[in-house]
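The values are calculated or read from the model by the stated rules, or taken from the named source; none is laboratory data. Small disclaimer: the values here were computed from a predicted structure and weren't measured. Cβ atoms come from the backbone with ideal geometry, glycine included; neighbour counts cover every protein chain shown.
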Amino acid sequence: MRTTVIATLLGMLASPLTAQIDFTHFKNMTDVTAAMTNIQTRFPAIARVQTIGTSIDGNPIQAIKISDNVATSEPSEGAVVLIATQHAREWLAAETALFVAEKICEQYGPNAEVHADVDRLEIYIIPVANPDGYIFTWLDGINQNGTEWRKNRRHNAGGSFGVDLNRNWGFQWAAVPAPADMNGSYGDANETSWTFYGTGPFSEPETQAMRDFLATLPNLKAFEDIHTFSELYLAPWRYTSLELPPGSQTLEALANRQVAATAAVHGHTYTRNLYRSSGGAIDYVWN
Amino acid sequence: MSKLAVVVIAGLAVLACRGPQIPPPPSTTPETLPAVVLPEPSRTPRYSIATADPDEIALLTQQLKLTGVTATPGAIYFEADAGQLSRVKELGYQVTQVDPEVVDYRIVRVRRRGSEEELRAQGITIIAREKTYWIVSGKLGQLRRLVADGYLLQPIAPDEPRPRLVRIVVTSQDDVQRVANYQIDIFTVADSAGRFTINGAALDMQIDRLRAAGFTVVQHP
């Protein structure tokens, strides 16, 4: 009992910037930024926050870089990129990204395997790829539907808001055909869809920022895009089921390993199929 | 070079499944909003070419630096100076000059009055039905006619139009894709004994079109 009380008091005294990140509640954008700073502060030798671009409303899109010699660019090291929360409402994706970042840093000391991985890789984690949309989801009281907002906050030509960032990447953009009965005026109303793909590939500053950032990583080895909430594990190609992507066996093996690993921890077996969609991040990066 | 490993997890909500819940519309009274002021008719010439290929559209837009591009199924509309126009023609496209009033559009609220058919007769697309107003898409020329007919046009809220929670049961993966092609926001697809239950969110416009295509759409209150 006494130990518990002391631990609680110590916890109250600890600065939020130096304590472990609190994953008992969802974080707004300010708290996400603070959590990233927390990781950098606690692990300055291997973690550094950097801005990779700016959203349409001028908010920074930030990544945590985790690597040895973190202040130095080492292109010879393989790069691993994990992005989350392209879809604004998927708050757990941001939490997951922060959780992964913190665990990697915490395990750098005690876990030889993690230590080796951090030394040989440059790991970039972007907890909130859609900061404007994410901020909008937290504006309770201003709008009542915002917590379910999916898109960014592009003010579209017709006056509605938002482009689905995970439909705006430049490979097979807008390739899934609309049914014939949508011809005519649907094109004008299309911007109101919650999966609106934008006026062109990479029309959005958020996807441009991620594209340009990825282009700076000549030795990219892995890319992961976290969403919620269907318990799915999706891999390229997403735009078609008629052909397998190059390296499909590698993808299949990775998928099976990750599904098994998730099931081993939580007992949930993720499935592998949803529906085809185009203009997504993983198809672009794989291509 | 090593193969890049690209993977994605869609659904990490193992610990805390925060399922989408769409609340009812806000209580904003339409009377408190100002009327939409439609822009003056544009004097900038607008052109159109027929194409439905998104890659082609992207290339044309980027390479020729076209501005004011509006893509619709089967055609794109754009502004162009003489040099750009000449280049488009050199590429073999048949260019048509069009009236901006039949190209430019707005998404607005229209205070309810009369029937939806009266709006549709004007070429207006009804996107969502709220208690006291519709949210519609209309070309500027169409919307001017509504104003002339006495309709009150008002701006939409920052989170409008609001989709509805829906459930659609289909019997094949192909039908799942057909539903997805209506650009509804699919949350889950549960596969059980040959039945695929799709849970998602859709605008009234999309629900109308799904039903017209023969899908049974159950709308949650």
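Structural remarks
- Of residues in the range B:47-88 being of a type in the set (A, V, I, L, M, F, W, C) and in a helix (DSSP H, G or I), the one farthest from the other protein chains (Cβ to nearest Cβ): B:Ala82
- Every residue from the range A:210-258 that is part of a helix (DSSP H, G or I) and crowded, with 21+ Cβ neighbours inside 10 Å: A:Met210, A:Leu251
A quick yes/no check of all residues on (1) under 25 Å from A:Phe136 (Cα atoms); (2) within 18 Å of the chain's Cα centre (by Cα); (3) buried (at least 21 other Cβ atoms within 10 Å of the Cβ):
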site	(1), (2), (3)
B:Val136	yes, yes, yes
B:Gln154	yes, no, no
B:Pro158	yes, yes, no
B:Val176	no, no, yes
B:Ile184	yes, yes, yes
B:Ala202	yes, yes, yes
B:Asp208	no, yes, no
B:Phe215	no, no, no
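- Condition check for A:Trp237: facing chain B (nearest Cβ under 8 Å) and either in contact with a His (Cβ under 7 Å, 6 or more places away or on another chain) or on the phi < 0 side of the Ramachandran plot (or both): no
- When the range B:113-131 is limited to residues that are touching a helix residue (DSSP H, G or I) at 6+ places or on another chain (Cβ under 6 Å) and among the polar types (S, T, N, Q), the one that is farthest from the other protein chains (Cβ to nearest Cβ) turns out to be B:Gln122.
- Unique match (being over 17 Å from the mean Cα position of the chain (by Cα) and modelled with pLDDT of 95 or more) among A:Thr18, A:Thr41, A:Thr33: A:Thr41
- Of everything listed in (1) part of a loop (DSSP other than H, G, I, E, B); (2) away from every other protein chain (no Cβ under 14 Å), the single unmet condition for A:Ile52 is (1).
- Listed by position, the strands (runs of 3 or more DSSP E) enclosed by the range B:137-221 that each have at least 3 residues that are under 24 Å from A:Arg154 (Cβ atoms) are B:185-192, B:195-202.
- Filtering B:Ala193, B:Ala202 for residues that are hydrophobic (A, V, I, L, M, F, W, C) and away from chain A (no Cβ under 11 Å) leaves a single hit, B:Ala193.
- Residue match in the range B:132-148 (condition: facing chain A (nearest Cβ under 9 Å) and free of Cβ contacts under 8 Å to residues at least 24 places away in the same chain): no
Residue-by-condition table, conditions (1) touching a residue at least 40 places away in the same chain (Cβ under 8 Å); (2) within 12 Å of A:Asp283 (Cα to Cα); (3) β-branched (Val, Ile, Thr):
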{"position": "A:Thr207", "(1), (2), (3)": "yes, no, yes"}
{"position": "A:Leu217", "(1), (2), (3)": "yes, no, no"}
{"position": "A:Phe223", "(1), (2), (3)": "yes, yes, no"}
{"position": "A:Glu231", "(1), (2), (3)": "yes, no, no"}
{"position": "A:Leu234", "(1), (2), (3)": "yes, yes, no"}
{"position": "A:Arg238", "(1), (2), (3)": "yes, yes, no"}
{"position": "A:Pro245", "(1), (2), (3)": "yes, yes, no"}
{"position": "A:Thr250", "(1), (2), (3)": "no, no, yes"}
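- Within the set B:Pro41, B:Pro45, B:Pro34, B:Pro26, the sole residue that is modelled with pLDDT under 70 and either farther than 28 Å from A:Trp173 by Cβ or not hydrophobic (A, V, I, L, M, F, W, C) (or both) turns out to be B:Pro26.
- Filter result for A:Ser67 (more than 19 Å from A:Ile104 (Cα to Cα), of a type outside the set (Asp, Glu), more than 14 Å from chain B (Cβ to nearest Cβ) and crowded, with 22+ Cβ neighbours inside 10 Å): no
- Condition met for B:Val110 (under 19 Å from the mean Cα position of the chain (by Cα) and not in a loop (DSSP other than H, G, I, E, B)): yes
- Whenever a residue of the range B:89-112 is within 14 Å of chain A (Cβ to nearest Cβ), its partners that are part of a helix (DSSP H, G or I) and β-branched (Val, Ile, Thr), lying with C-beta atoms within less than 7 angstrom and at least six residues away or across chains, give the pairs B:Ile107/A:Thr192.
- The numbered conditions (1) more than 24 Å from A:Arg154 (Cβ to Cβ); (2) in contact (Cβ under 8 Å) with a residue 40 or more places away in the chain; (3) among the polar types (S, T, N, Q) are all true for A:Asn130 except (1).
- Any hit, the range A:259-267, residues being surrounded by fewer than 19 Cβ atoms within 10 Å (Cβ to Cβ), in contact with an Asp or Glu (Cβ under 8 Å, 6 or more places away or on another chain) and more than 7 Å from every other protein chain (Cβ to nearest Cβ): no
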